[in-house]
Amino acid sequence: MLFRFLESRLQQAVAAVLPDVDLGKILIRPCPDPKFGDYQTRALIAVAQARKTSPRKLGTEVLAKLDVSEWCDKVEVAGPGFINFFLKPAALGAALDAVAGGRQNIFEPARQPRTVVIDFSSPNVAKPMHVGHIRSTILGDCLARTLRLLGHTVVTDNHIGDWGTQFGKLLVGWKRLLDRAALERDPIAEMERLYRTITAECEQNPATLELARQELVKLQAGDEENLRLWREMQALSQSQFDTIYGRLGVKFDHTLGESFYNPWLRDVVEQLTRRGIARVSDGATAVFSNGSVPPKEDPFLISRDGEWQPNPALIQKTDGGFNYATTDLATLDYRLRTWHPDQILYVTDGRQQLHFRQIFAAFRRWHPEVKVDLVHVWFGSIQGKDGKPFKTRTGDTVKLSDLLDEAEERAFQVVTAKNPELPEATCREIARIVGIGAVKYADLAPNRQSDYVFDWDKILALNGNTAPYLQYAYTRIQSIFRKAGAPAASSAEGFQLTELEELRLAKHLLNFGLTLEAVAEECRPNYLCNYLFELAGHFGRFYEACPVLKGGDAVRASRLALCAATARVLKQGLEVLGIETTEQM
Ligand code: ARG
């Protein structure tokens, strides 16, 4: 890939000037402002500062050793010590030819492939699957797709909450209030009703709370009846989850729920206690601070009334029961033994930040020898147009199946209004692709750490940073090929780029791989969304400025090739986001 050629030449030049520099840090990136060039390196500034020399001077020395004349018109030292590269149009054309001709991929496989475990979706049995779970599902799936495409080994694991405290309440509810007919009609709704009713009762009546606690202890101790009911609840929930995953096109390599880790929980507590990482306090066992990091960074301390106070992570309750943290420690240990990952990503909402900081810190103390990168990929909450958490009009949690139904229905209205002549079945299929795509894109496009407002009109708009806009851009390119009477898939070579908008589009196309890498490194699918949105914009301007079908043969072939390359990147980019495309809409 073009920028890699430039990068390796740059690295050679840097090595010629400073033989001991870590070349892995000498990278080039697209120039933020095309006025200053096409590509840029900022890496020499840090190198020069570390050596107490002037970055511009270092830049000039490197430039003297740098020959990139086959690809660049001009290379210059600029600003505080950047080096800017200006590409030759012919080099761009040749790079795109190589991609179109299949001699080069538009992105490069990772130079250091990792094994990455991704823990995502992870809804809770018999509890409402909230919009946060859909966001985790969509983000996690996109990260899995991105990493796989780049050649990493990915293991996806759905850490279903199938053993939590909710079962105490559910068992009380099931035994007392179960409506079999309602359960058959809509199992999740009935289980939710039981859960809610008993939760409300627990708040009023401590005796019910105590009963729920006892049912949970019985279940965890292996009581036959409770286990049977628990299995039934689990099976009912799982089939519901599977329906949703089917609609979203999301698959998991493993679904190892919390209950899977029961056999190891006692041992986790024992080991942590034996090593002095955890200790008994007021009858419970918990991990406390060991004072090894400054209080501000210590997840086991909390500032209250101007003082740092203990904020332990509970791993065994006074009644002997284990909890979420214990399970997560056992899970981590299991994953390392089983898959030997280099990295584990946990995709959950931001409210679990403290939990994961504690788990990671406890794990480091437990296994200081293990080198694994543990990342909490957290995200903000989804709000309604009123700025409050996204709820139904009656104030209930939005059910995922209802959300997807509504998306498809609304998309159906948009599609039929645009194409009154299409048969209904075709419109339904397009609406499925557009509706589900719109919901997914709404979750992926904002910076994941900011809260976002869920607004049907915005996410389904054909204009703006939305899935329908990108899907529509894709169909427009397909229709150019229909008009041209040429198949879009033809690996058209022969790029001859001269016009400004052609050059801009071509350069942007070549940045696809870098974008994928940035998504993988920072776990931020929004980079890819922005990239695709910009791509569609560049394409639109190119199409305005450069008639595709009217030029002479060579110009027409070159422009059709640009169309084909754009369509390919759009399609593949959307695929990485987990979003389908359609030929017409
Ligand atoms: N079931 C949890 C929830 O709904 C999410 C689990 C995330 N994964 C984990 N290993 N803790 O909040």
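What tally of residues in region 290-327 results from selecting those that are in a helix (DSSP H, G or I) and surrounded by 15 or more Cβ atoms within 10 Å (Cβ to Cβ)? Steps first, answer last, please.
Our first condition is that a residue be in a helix (DSSP H, G or I); within region 290-327, this holds for 295-297, 324-327.
Filter again for surrounded by 15 or more Cβ atoms within 10 Å (Cβ to Cβ), leaving 324-327.
Of the residues in that region, 4 qualify.
In region 212-227, the residues that are under 17 Å from T199 (Cα atoms) form Cβ pairs under 6 Å with partners that are of a type in the set (V, I, T) and crowded, with 16+ Cβ neighbours inside 10 Å, at six or more places apart or across chains, as follows: A212/V172; E215/V172.
Determine, yes or no, whether E517 is touching a Phe, Trp or Tyr at 6+ places or on another chain (Cβ under 8 Å) and surrounded by fewer than 18 Cβ atoms within 10 Å (Cβ to Cβ).
Numbers: touching a Phe, Trp or Tyr at 6+ places or on another chain (Cβ under 8 Å): yes; surrounded by fewer than 18 Cβ atoms within 10 Å (Cβ to Cβ): yes.
The answer is yes for E517.
Only one entry of F107, F120 meets the criterion of being among the aromatic types (F, W, Y), more than 9 Å from the ligand (Cβ to nearest atom) and touching a helix residue (DSSP H, G or I) at 6+ places or on another chain (Cβ under 8 Å), and that entry is F107.
Which of the residues belonging to region 368-379 are away from the ligand (no atom under 15 Å from the Cβ) and either surrounded by 15 or more Cβ atoms within 10 Å (Cβ to Cβ) or assigned to a strand (DSSP E or B) (or both)?
Kept after step one, since they are away from the ligand (no atom under 15 Å from the Cβ), are these residues of region 368-379: 368-371, 373.
Once the filter is applied, which keeps residues that are away from the ligand (no atom under 15 Å from the Cβ) and either surrounded by 15 or more Cβ atoms within 10 Å (Cβ to Cβ) or assigned to a strand (DSSP E or B) (or both), region 368-379 yields only D373.
Quick check on region 212-221. Is at least one of its residues surrounded by fewer than 20 Cβ atoms within 10 Å (Cβ to Cβ), of a type in the set (A, V, I, L, M) and under 25 Å from T331 (Cα atoms)? Yes: region 212-221 contains one or more residues that are surrounded by fewer than 20 Cβ atoms within 10 Å (Cβ to Cβ), of a type in the set (A, V, I, L, M) and under 25 Å from T331 (Cα atoms).
Evaluation of E258 against the conditions (1) within 30 Å of V576 (Cα to Cα); (2) more than 16 Å from the ligand (Cβ to nearest atom) shows that the sole unmet condition is (2).
Among the residues of region 322-331, the one identified as within 8 Å of the ligand (Cβ to nearest atom), within 25 Å of H152 (Cα to Cα) and touching a residue at least 40 places away in the same chain (Cβ under 8 Å) is T331. Of everything in region 127-169 that is within 15 Å of the ligand (Cβ to nearest atom) and among the basic types (K, R), the residue that is farthest from S237 (Cα to Cα) is R135.
Residue pairs whose Cβ atoms lie under 9 Å apart, sitting 6 or more positions apart in sequence or on different chains, and linking a residue in region 106-128 that is under 23 Å from T515 (Cβ atoms) and among the hydrophobic types (A, V, I, L, M, F, W, C) to a partner that is more than 10 Å from the ligand (Cβ to nearest atom) and at pLDDT below 90, are I106/M1; F107/M1.
Scanning region 123-158 for residues that are among the polar types (S, T, N, Q) and either surrounded by fewer than 22 Cβ atoms within 10 Å (Cβ to Cβ) or touching a helix residue (DSSP H, G or I) at 6+ places or on another chain (Cβ under 6 Å) (or both) returns N124, T146, T153, T156. If the condition is being touching a residue at least 12 places away in the same chain (Cβ under 8 Å) and either more than 12 Å from the ligand (Cβ to nearest atom) or over 21 Å from the mean Cα position of the chain (by Cα) (or both), then region 332-352 contributes D333, Y334, L336, W339, H340, P341, D342, Q343.
Taking the criterion of being among the hydroxyl-bearing types (S, T, Y) and more than 22 Å from the chain's Cα centre (by Cα), would at least one residue in region 519-540 satisfy it?
no
From the residues in region 31-49 that are over 20 Å from Q12 (Cβ atoms) and surrounded by fewer than 17 Cβ atoms within 10 Å (Cβ to Cβ), which one is nearest to the chain's Cα centre (by Cα)? Once the filter is applied, the top-ranked residue is P32. Out of S259, S281, S237, one residue alone is within 26 Å of V217 (Cβ to Cβ), surrounded by 12 or more Cβ atoms within 10 Å (Cβ to Cβ), touching a helix residue (DSSP H, G or I) at 6+ places or on another chain (Cβ under 7 Å) and hydroxyl-bearing (S, T, Y). It is S237. Pairing each residue of region 248-263 that is of a type in the set (S, T, Y) with any residue that is crowded, with 19+ Cβ neighbours inside 10 Å, provided the two are 6+ apart or on different chains, yields C-beta distances under 7 Å for T255/N158; T255/I160; S259/D162; S259/W163; Y261/T327; Y261/A330; Y261/T331.
So that you can scan it fast, the table gives a plain yes or no per residue for (1) over 25 Å from G387 (Cβ atoms); (2) surrounded by fewer than 19 Cβ atoms within 10 Å (Cβ to Cβ); (3) of a type in the set (A, V, I, L, M):
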{"position": "V439", "(1), (2), (3)": "no, no, yes"}
{"position": "R448", "(1), (2), (3)": "no, no, no"}
{"position": "L460", "(1), (2), (3)": "no, no, yes"}
{"position": "S479", "(1), (2), (3)": "yes, yes, no"}
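Of the helices (runs of 4 or more DSSP H) entirely within region 496-560, none holds at least 2 residues that are in contact with a helix residue (DSSP H, G or I) (Cβ under 6 Å, 6 or more places away or on another chain) and on the phi > 0 side of the Ramachandran plot.
I'd like the full set of residues that are small (G, A, S) and within 21 Å of R504 (Cβ to Cβ), limited to region 28-59. Within region 28-59, just G37 meets the criteria. With a requirement of 2 or more residues that are closer than 30 Å to K371 by Cα, the strands (runs of 3 or more DSSP E) lying completely within region 39-154 that satisfy it span 115-119. Hey, could you check region 240-256 for residues that are more than 14 Å from N124 (Cα to Cα) and among the charged types (D, E, K, R) and say which is surrounded by the fewest Cβ atoms within 10 Å (Cβ to Cβ)? So, considering only residues that are more than 14 Å from N124 (Cα to Cα) and among the charged types (D, E, K, R), the one surrounded by the fewest Cβ atoms within 10 Å (Cβ to Cβ) is K251. List every residue pair whose Cβ atoms sit under 6 Å apart, with the two residues 6 or more apart in sequence or on different chains, where the first one lies in region 79-91 and is touching a residue at least 12 places away in the same chain (Cβ under 8 Å) and the second, anywhere, is hydroxyl-bearing (S, T, Y) and not in a helix (DSSP H, G or I). As it stands, the answer is I83/T41; F85/Y39, since those pairs meet every condition given.
The values are calculated or read from the model by the stated rules, or taken from the named source; none is laboratory data. These figures come from a predicted structure and were not determined experimentally. A quick note on method: Cβ atoms are made from the backbone with ideal geometry, for glycine too, and the neighbour counts reach across all protein chains shown.
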